[in-house]
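Reviewing the structure listed below.
The values are calculated or read from the model by the stated rules, or taken from the named source; none is laboratory data. In this text the structure is predicted, and so the values were computed from the model without any measurement. Here the Cβ is made from the backbone with ideal geometry for all residues, glycine too, and neighbour counts use every protein chain on show.
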Amino acid sequence: MKDAQPRTVYLKDYRAPDYLVDSTRLHFELQPQDTLVKSRLQIRRNPAAESAPGETLPPLLLDGVDLELLSLSIDGELVPASRYRELPEGLSIHVQNPEFVLEIHNRINPRDNTSLEGLYLSNGMYCTQCEAEGFRKITYYPDRPDVMSRFTTTIVAPRQYPVLLSNGNQIERRATEDGRLLVTWEDPFAKPAYLFALVAGELQTVEDSFTTASGREVKLQIFTEAKNIRKCDHAMRSLKKAMRWDEEVYGREYDLDIFMVVAVDHFNMGAMENKGLNIFNSACVLASPETATDATFQRIESIVGHEYFHNWSGNRVTCRDWFQLSLKEGFTVFRDAEFSADMNSRAVKRIEDVSLLRTAQFAEDGGPMAHPVRPDSYMEISNFYTLTVYEKGAEVVRMIHTLLGTEGFRKGSDLYFQRHDGCAVTCEDFVAAMEDANGVDLTQFRRWYSQAGTPVLEVSDAFDAAHGTYILTVRQSCPATPGQNKKLPFHIPLAVGLLGADGRDLSLDPQGTTQKVLQVSETEQTFNFTGLKEKPLPSLLRGFSAPVKVRYGYSTEQLLFLMRNDSDEFNRWDAGQRLAFMALEQLQKDYREGRDLQLQPQLVDAYRSVLQNPELDPALVAEMLTLPSAQTLAEQCERIDAEAIIVAREFARGALAEALKGELLDCYRRLDCDKPYRPEAADIAERSLKNTCLAYLCVTEEPELLTLAQAQFENAANMTDSAAALASLVNHAADDMAQPALESFYERWQQDTQVVELWFGLQSTSARRGTLESVRELMQHPAFELTNPNKVRAVIGGFANRNFIQFHRADGRGFEFLAEQVVALDKLNPQIAARLVTPITRWKKYTGELGEKMHRALQSVMESGRLSRDLYEVVSKSLV
Ligand code: B3K
Ligand code: ZN
């Protein structure tokens, strides 16, 4: 385990590497506890490295963690101990020539590697995860992304591992003299070590092919254990769609003759874009209609797209250092979001993404770990694979797209790929390419990369009737974040439309434009719209054109009007969210002040008309009927009163269900048909609305409505309907109805890992009293493994992140439980532990005793003994 040395790495200290590695030959002899790694590196002095005048050659520094060094030689000669030093995390070697061949032999232990970084075993299959700094757990190497090398990899393994994979093309496959299998792969593209991959196992494959725009045939293969072979079709279809989309939208073709995907059960995140050999968490690639929900189908499409798109935005052009992570991640998330929007409903995809941003990223930006899209420092880079780097980073790229337009953006991306192909570059290089291709100046815009925090726009307006001029005044500010007290104004593209009294968009110029992107760049600015006859109603931040909070004093009537009329579907939904937010705030206040609770009748009427509007996309209706989550409400509070949030939201859901029972039931019945399952947008939309109605109906806890859920559960022919019904039963039915359903579900699906994970999640997120106790029991279940991140996320993560009600129980036991699990996990898998602790790091925002209890739980983690560097960074920064 890495120790808790609080070393901090700073962006300002970046220096080009002293040495380059032109070629890397690796040779693996696989054994569970005793894998032998031999590497042969062709090394030379980097001509671009800084060197002091007259300086002799600097030492060669290699990273290495948890390795047993067997031998070290240079140009065929063993290096004597006097010429190298073992460091806590690597080697320092005295160098005599500017060019040499370094050979290293070392031993590693994949079986005991529970960190899931480096080379490890998952259900008997060998696999690797090297990003960000996992290659150093395989062998000694300059493990930094600006060292790019051509890799050749030989794998020798016993016969029970017939599939031996690595990056690039297979160039050799034969038996060794002692009867083992030997396979060699050669990757023609230079790459950093973080894109290295190796897989060995007894795997089956699904094959297909793709012909690129220029007519090259690419072999596509998905590898998985035999039992999952029928769950690969959707991923394969998604891959081919992604390959075509990248050609059409970005002009980017795939560059090798083979593209492989491997499904692995033990994986720290969703997937990894290793060159030519993507490795996926099984949960993010395997699906069949009987076993996966619509949400899973869509997630698979987007992750397959994401990893594939990295081949250009990440692999061909990579990051100079890890501070530049958003260069590849922000851009690639933007690319995958546009891909999903093109394949499905654009408005719904945007709503989902913005909801995540507003709930979780805004909370991160307002919490103790807040950092800019391009962080200035870190203790452990794994802690910076965050919503800020990914989702806010994608919003920053989206804003550039908005500022330049589709064609301008494409010119910029073409120039970026052409200029930097084969190089390791910076966020600055990305912005410069966008500027140079379009002749624009994005100097001020760059602050989005360097300043943390969520900007707030206060908007007010006035109408000068005498001149027909409408004046919008925009003031921007940004709260202080750790290490950044004062912020300079951002350049914010603010998309607006103006609605007339008839609900139609007004023309904003003689050409009839109905939407403008205002360039907000000062602390306070006014924008005039002329030639208007009446005071319009502004529709602000259309499509969520910037990751900011907009404050404007909308009245209830104005929000109802926008909900009915806004031509921007996103803002129609957003008006409903604002309305619900106002109603819920009032309820919280009433609750705190001891008044009877009553839901605003206008909200009920608004929801009724949404439900009865046949013109709206059912998926959008489902989104519009969904109240802001408790987490979203919490994020928007200055201080969080969890109890008031829970009471208000539960009350509102109950009141809506009661008032709209008839309409919900009609809608449910209309959509409850047994069409054959297709994971297509139109069908997904109908199921989503149907199940939203079912969830509301079950809130009433009326026996005949719960029977609907029971019937749906028993008759469902797809997992979407089955899981939705079961969730309603678990949350709202009495035990004698819910328990048998849970048991029969497990009985039926116990052999299916992905379904068992879903089953865990349904229970850990149950809003019913006693969930914490069931969560503890689930951890004793034979299917639970603390060493499997998916199981941990389903059981512990489900409870801590997706069960606001039970996690925040007043006795603080939820927090204590989390602290206990985080400490236990840190010994096995520091990355997962550091991520899991997040909910209790926000203790400062909570009011009263709950905040104190959360604080104590966090402190108990710190006091539990030696922490990994990952967990230490998060906990120490959150305690101050
Ligand atoms: N690039 C990987 C993330 C690796 C995380 C390492 N801790 C997956 C992705 O973003 O595509
Ligand atoms: Zn990515």
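A few notes on this one:
- Taking segment 228-244 as the range and being away from ligand 1 (no atom under 14 Å from the Cβ) and either farther than 14 Å from TYR308 by Cβ or buried (at least 21 other Cβ atoms within 10 Å of the Cβ) (or both) as the test, the residues that pass are ASN228, ILE229, ARG230, LYS231, CYS232, ASP233, HIS234, ALA235, SER238, LEU239, MET243.
- Residues (of a type in the set (Asp, Glu) and either assigned to a loop (DSSP other than H, G, I, E, B) or at pLDDT below 95 (or both)) located in segment 365-384: ASP376, GLU380
- Looking only at segment 272-288, and only at residues there that are over 24 Å from CYS423 (Cα atoms) and of a type in the set (S, T, N, Q), the one that is nearest to ligand 2 (Cβ to nearest atom): ASN281
- From the list ALA466, ALA462, ALA433, ALA495, the lone residue that is free of Cβ contacts under 8 Å to residues at least 40 places away in the same chain and assigned to a strand (DSSP E or B) is ALA462.
For every residue, the table says whether it meets (1) among the acidic types (Asp, Glu); (2) on the phi < 0 side of the Ramachandran plot; (3) within 16 Å of ligand 1 (Cβ to nearest atom).
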site	(1), (2), (3)
ASN281	no, yes, yes
GLU301	yes, yes, yes
PHE309	no, yes, yes
MET343	no, yes, no
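- Check on GLY422, outside any strand (DSSP E or B) and closer than 18 Å to HIS310 by Cα: yes
- Test: residue in segment 139-155 that is within 16 Å of ligand 2 (Cβ to nearest atom) and within 30 Å of PRO830 (Cβ to Cβ): yes
- Tally of residues being more than 10 Å from ligand 1 (Cβ to nearest atom) and either under 13 Å from the mean Cα position of the chain (by Cα) or crowded, with 24+ Cβ neighbours inside 10 Å (or both) across segment 264-279: 4
Matching residues to (1) over 20 Å from ILE645 (Cα atoms); (2) in contact with a Leu (Cβ under 8 Å, 6 or more places away or on another chain):
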{"site": "GLN558", "(1), (2)": "yes, yes"}
{"site": "LEU562", "(1), (2)": "yes, yes"}
{"site": "ASP566", "(1), (2)": "yes, yes"}
{"site": "PHE581", "(1), (2)": "no, yes"}
{"site": "LEU584", "(1), (2)": "no, yes"}
{"site": "LEU597", "(1), (2)": "no, yes"}
{"site": "ARG608", "(1), (2)": "yes, yes"}
{"site": "PRO614", "(1), (2)": "yes, no"}
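- Every test in (1) in contact (Cβ under 8 Å) with a residue 12 or more places away in the chain; (2) more than 15 Å from ligand 1 (Cβ to nearest atom); (3) of a type in the set (A, V, I, L, M) is passed by LEU325 save one, and that test is (2).
- Take the conditions (1) of a type in the set (A, V, I, L, M, F, W, C); (2) crowded, with 17+ Cβ neighbours inside 10 Å; (3) over 33 Å from the mean Cα position of the chain (by Cα); ALA175 misses just one of them, which is (2).
- Within segment 103-117, considering residues that are assigned to a strand (DSSP E or B) and surrounded by 22 or more Cβ atoms within 10 Å (Cβ to Cβ), the one nearest to the chain's Cα centre (by Cα): ILE108
- Residue in segment 720-729 that is in contact with a Ser or Thr (Cβ under 8 Å, 6 or more places away or on another chain) and of a type in the set (Asp, Glu) present: no
- Flag if LYS827 is over 30 Å from ALA648 (Cβ atoms), more than 16 Å from ligand 1 (Cβ to nearest atom) and crowded, with 23+ Cβ neighbours inside 10 Å: no
- From the list GLN712, GLN780, GLN751, the one residue that fits, being among the polar types (S, T, N, Q) and part of a helix (DSSP H, G or I), is GLN712.
- Criterion (surrounded by fewer than 21 Cβ atoms within 10 Å (Cβ to Cβ), of a type outside the set (Lys, Arg), modelled with pLDDT of 95 or more and touching a Phe, Trp or Tyr at 6+ places or on another chain (Cβ under 7 Å)) met by exactly one of GLN586, GLN631, GLN600: GLN631
- Condition check for PHE651: assigned to a helix (DSSP H, G or I), touching a residue at least 60 places away in the same chain (Cβ under 8 Å) and within 28 Å of ASP683 (Cα to Cα): no
- Residues of segment 767-785 that are touching a helix residue (DSSP H, G or I) at 6+ places or on another chain (Cβ under 7 Å), within 27 Å of THR720 (Cβ to Cβ) and surrounded by fewer than 23 Cβ atoms within 10 Å (Cβ to Cβ): ALA767, ARG768, SER774, LEU778, ALA783, PHE784, GLU785.
- Only residues that are over 19 Å from THR632 (Cβ atoms) and over 31 Å from the mean Cα position of the chain (by Cα) were counted in segment 529-561, giving 17.
- Residues satisfying the stated conditions in segment 830-880, i.e. surrounded by fewer than 21 Cβ atoms within 10 Å (Cβ to Cβ) and hydrophobic (A, V, I, L, M, F, W, C): MET862, LEU879, VAL880
- Of all the listed residues (ALA695, ALA734, ALA738), the sole one being surrounded by fewer than 14 Cβ atoms within 10 Å (Cβ to Cβ) and among the aliphatic types (A, V, I, L, M) is ALA734.
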